[in-house]
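Q: Below is the structure I would like to discuss, written out as structure tokens.
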Amino acid sequence: MKIFRTVEQMRAACRASARPLGLVPTMGALHEGHISLVRAARAQCDAVAVSIFVNPAQFGPKEDFSKYPRDFERDRELLQREGVALLFAPSAEEMYPAGATTYVTVEGLSGRLCGKSRPGHFRGVTTVVSKLLKIVQPDAAFFGQKDAAQCAIIRRMVRDLNLPVEIVVCSIAREPDGLAMSSRNAYLDAQQRKQALVLHRALLNVQELFQRGERHASTLIAAGLQTLAEPAVRLDYLEIVDPDTLEAVENISEKALVAVAAFVGSTRLIDNVVLGVSD
Ligand code: PAF
């Protein structure tokens with residue numbers, strides 16, 4: 001596995017790479033969810049590039065940018081073992097040279113779900129992802145369904161800007177007890193780790209009610225909220241939206257995304273489930 005710190009070196013290596021080339025963008029602190037993306041990329045592509053970049057542009061001033069978990073050596077070893085060909089790990093200065101003032105924004109969608117409580121977050125994501133796509137020029141890029149809003153926004157950006165890349169969304173990797181894998185789970189102590197399971201429980205309750213025939217979003221949300229009403233949990237949102245537009249749906253006739261975000265202690269966790277699909 002070759003490691004690159006500059007845009008110029010990474011671009012040259014990607015140009016010379018075997019094709020199809022798959023890209024897995026990450027912020028490091030890798031877990032099984034990331035590894036499943038790498039494996040999906042390896043299954044579909046002849047070479048895989050991974051980026052590790054804790055992107056300052058997607059963190060708000062009061063968010064966890066400085067304490068976000070970082071362990072480059074561990075990540076490097078994991079990726080090496082997974083057969084990754086190219087690892088891009090630039091500095092913030094390399095990605096955003098002094099005076100950089102250009103952003104990519106997907107209007108509308110970027111203000112929904114996490115975008116409501118994290119203003120500017122999705123602008124930071126779409127800006128860095130579009131830069132990574134320009135640098136690597138992959139045939140396919142792989143993202144996790146756990147960040148369902150991020151996936152919808154990236155799909156829209158790629159469509160609107162005619163970017164020549166396939167966006168592949170891989171299913172949520174879960175711990176055996178159902179907790180969605182996340183680098184931020186590392187912040188939870190043992191008690192919070194148990195309390196965090198309520199997010200998944202709430203989604204399962206909603207899903208079960210849906211499977212029993214309930215189609216009114218307000219009734220489904222009420223059931224989910226009841227499960228989430230625990231003193232240790234501070235809800236950000238529980239919404240049922242169209243998976244492509246992220247707009248609220250009232251009566252579910254097709255696929256619908258049930259998305260939740262909540263704080264357990266000071267750790268903000270997200271999870272989701274898609275209704276109306278068999279898996
Ligand atoms: O999902 C993430 O880890 C990040 O938002 C991404 C896509 C790597 C962009 O920084």
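The values are calculated or read from the model by the stated rules, or taken from the named source; none is laboratory data. Quick caveat, the model's predicted, so the values are computed rather than measured. As a convention, Cβ positions derive from the backbone with ideal geometry for all residues, glycine included, and neighbour counts pool all protein chains shown.
Q: Return the residues of region 1-26 that are surrounded by 18 or more Cβ atoms within 10 Å (Cβ to Cβ) and part of a loop (DSSP other than H, G, I, E, B); say none if nothing qualifies.
A: Listed by number, the list holds a single entry, S17.
Q: Residue check: is L30 at pLDDT 95 or above, in a helix (DSSP H, G or I) and within 15 Å of the ligand (Cβ to nearest atom)?
A: Here the answer is no, as L30 does not meet what is asked.
Q: Right, here's the next one. Got a number for residues in region 109-151 being away from the ligand (no atom under 12 Å from the Cβ), closer than 17 Å to P90 by Cα and touching a residue at least 40 places away in the same chain (Cβ under 8 Å)?
A: Total satisfying the criteria: 3.
Q: Now for a different question. Run down P61, P97 and say which single residue is more than 16 Å from the ligand (Cβ to nearest atom), under 26 Å from K116 (Cα atoms) and out of contact with any His (no Cβ under 6 Å at 6 or more places or on another chain).
A: P61
Q: Determine which member of the set A180, A186 is closer than 19 Å to Y68 by Cβ, surrounded by fewer than 18 Cβ atoms within 10 Å (Cβ to Cβ) and touching a residue at least 60 places away in the same chain (Cβ under 8 Å).
A: On inspection, the qualifying residue turns out to be A186.
Q: Does V158 count as crowded, with 23+ Cβ neighbours inside 10 Å and either closer than 14 Å to Q58 by Cα or away from the ligand (no atom under 12 Å from the Cβ) (or both)?
A: Considered against the rule, which asks whether it is crowded, with 23+ Cβ neighbours inside 10 Å and either closer than 14 Å to Q58 by Cα or away from the ligand (no atom under 12 Å from the Cβ) (or both), V158 comes out as no.
Q: Mind counting the residues in region 242-262 that are within 17 Å of the chain's Cα centre (by Cα) and at negative phi?
A: So the count comes out to 9.
Q: Also: Find all pairs meeting these conditions: Cβ atoms under 6 angstrom apart; at least six residues apart or on different chains; first residue within region 59-83 and under 17 Å from L269 (Cβ atoms) and touching a residue at least 40 places away in the same chain (Cβ under 8 Å); second residue among the polar types (S, T, N, Q) and part of a helix (DSSP H, G or I).
A: P69/S183
Q: For V106, are the conditions met, namely being within 13 Å of the ligand (Cβ to nearest atom) and modelled with pLDDT of 95 or more?
A: no
Q: Across region 85-143, what is the total count of residues that are more than 26 Å from L238 (Cβ to Cβ) and among the polar types (S, T, N, Q)?
A: 6
Q: Considering only residues that are farther than 18 Å from L23 by Cβ and hydrophobic (A, V, I, L, M, F, W, C), which ones fall in region 49-82?
A: Passing the criteria: A57, F59, F65, F72.
Q: Let me ask something else. Any residue that is farther than 20 Å from A152 by Cβ, surrounded by 13 or more Cβ atoms within 10 Å (Cβ to Cβ) and either without any contact (Cβ under 8 Å) to a residue 60 or more places away in the chain or outside the structural domain of V106 (by TED's automatic domain parsing) (or both) - is there at least one of those in region 235-255?
A: There is at least one residue in region 235-255 that is farther than 20 Å from A152 by Cβ, surrounded by 13 or more Cβ atoms within 10 Å (Cβ to Cβ) and either without any contact (Cβ under 8 Å) to a residue 60 or more places away in the chain or outside the structural domain of V106 (by TED's automatic domain parsing) (or both).
Q: Next question. Hey, could you check region 27-56 for residues that are in contact with a Lys or Arg (Cβ under 7 Å, 6 or more places away or on another chain) and among the β-branched types (V, I, T) and say which is surrounded by the fewest Cβ atoms within 10 Å (Cβ to Cβ)?
A: Once the filter is applied, the top-ranked residue is V54.
Q: Looking at region 38-47, is at least one residue charged (D, E, K, R) and closer than 22 Å to G115 by Cα?
A: No, the conditions are met nowhere in region 38-47.
Q: Is it the case that G144 is among the small types (G, A, S) and more than 17 Å from A41 (Cβ to Cβ)?
A: no
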